[in-house]
Amino acid sequence: MTSFLYDNFTALLRNFGVPLIGIAVFLVIWHVIAARIETSLGVMPGPVQVGQQFLNLVAEHQAERTKAAEFYQRQQERNAKMLAENPGAEVKTRSYTGRPTFFDQVLTSLITVMTGFVLAALIAIPIGIVAGLSHTLYSALNPLIQLFKQVSPLAWLPIVTILVSALYVSDDPLLEKSFITSAITVLLCCLWPTLINTSVGVANINKDLLNVSKVLRLSWLTHVRKIVLPSAIPMIFTGLRLSLGIAWMVLIAAEMLAQNPGLGKFVWDEFQNGSSNSLGRIMVAVIAIGLIGFALDRGMLSLQRAVSWDKSSALR
């Protein structure tokens, strides 16, 4: 009984106690160092000041939502009055155009990154499967992969911006050009890990499984569905996790330069603002970026565990 309690306590300490101690030590070091650093915007904010700025951002979000609700309420009352006076009157419903809050910008960034990431996966996985099954095709694609995977998002962004401006011309655009530019930049930068890992995973399928497929004379599509995909899923998800991490990092830089109203633009606007609260608000954004990136990675691990036969990979 004593041994059982000791083992449980040790496991609890290792899984929760040690991480909490690490976080506490980091916060203390941050607090001590921040108080000794003077910047052009004042003393570097510590954990307490950053926490206060987060609460300020929450309050700003709530105030903006209240303004939006009041705007729609006034509009609804005005339209109802117009219809009461003239049932045939043409009423218009306008959207609230207030300044996006920090949490609105977080949502925009999530939509943008998932758009680029999903499009990249839809392109990379099929090409990776075909390349993994054909050594000739892989040899043809490999130089291009090695060339383009090294390119920085800062190099892609001007090219994408010019192409989007030239090709996406509309008087009533469905999507903002800044959103499309950011999403395509994310796509181009996060495409390669999934493509490489998928092709490697497919190329390294157990030879016995390939022989079974030949004996059963499976069609190409059945071979891919029954043999290739189940065998390559662990490697595919490794590529997807790497791609999603790259996509999230790339997005912030892309939003800064493309001025897509997400977290990247929030950081840039605060930097340009230069108020005494700007540095604290930027640090709130940095922490949010880290937490969201961690949550995205854990979400991908959970999805991998749900669909993969290799359950142990989801524990890493």
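Key figures
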| quantity | calculated |
| --- | --- |
| Residue with peak Gaussian network fluctuation, the chain [Cα springs, cutoff 10 Å], from Gln76, Gln272, Gln150 | Gln76 |
| Most fluctuating residue given options Arg305, Arg217, Arg99, as computed from a GNM of the chain linking Cα atoms under 10 Å | Arg217 |
| Sites Lys81 and Val43 - FRET efficiency at Förster radius 45 Å, r taken between beta-carbons, to 0.05 | 0.25 |
| The chain: most fluctuating residue of Leu83, Leu240, Leu137 per GNM, C-alpha cutoff 10 Å | Leu83 |
| Dipole magnitude of the chain about its Cα centre (Cβ charges: Lys, Arg +1; Asp, Glu -1), debye to nearest 20 | 940 debye |
| (i) 19.4, 59; (ii) 25.6, 83; (iii) 24.0, 77, with the label sought being that of the calculated Rg and Dmax of the Cα atoms in Å | (ii) |
| Charge-dipole axis of the chain as Lys and Arg at +1 and Asp and Glu at -1 on Cβ define it, positive-most pick from Cys190, Val48, Gly98 | Cys190 |
| Rounded to 10°, Cα long-axis angle of helix 229-258 versus longest principal axis of the chain | 30 degrees |
| Charge sum, other residues only, whose C-beta stays under 14 Å from Val284's C-beta, Lys/Arg counted +1 and Asp/Glu -1 | -2 |
| Burial ordering of His135, His31, fewest other beta-carbon atoms within 10 Å first | His135, His31 |
| Residue-averaged [θ]222 nm for the chain, counting only DSSP H segments that reach four residues, each worth -39500 (n - 2.57) | -26000 deg cm²/dmol |
| Cα long-axis angle, helix 263-273 against the chain (0 to 90 degrees, to the nearest 10) | 40 degrees |
| Degrees, to the nearest 10: 135-148 long Cα axis against longest axis of the chain | 30 degrees |
| Descending Cα extents along the principal axes, the stretch 72-193, whole Å | 75, 29, 28 |
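Only the coordinates and a few stated rules stand behind these numbers; no lab work does. What you see is a predicted model, and the numbers here were worked out from it, not measured in a lab. Note that each Cβ is placed from the backbone with ideal geometry, even for glycine, and that neighbours are counted across all protein chains shown.
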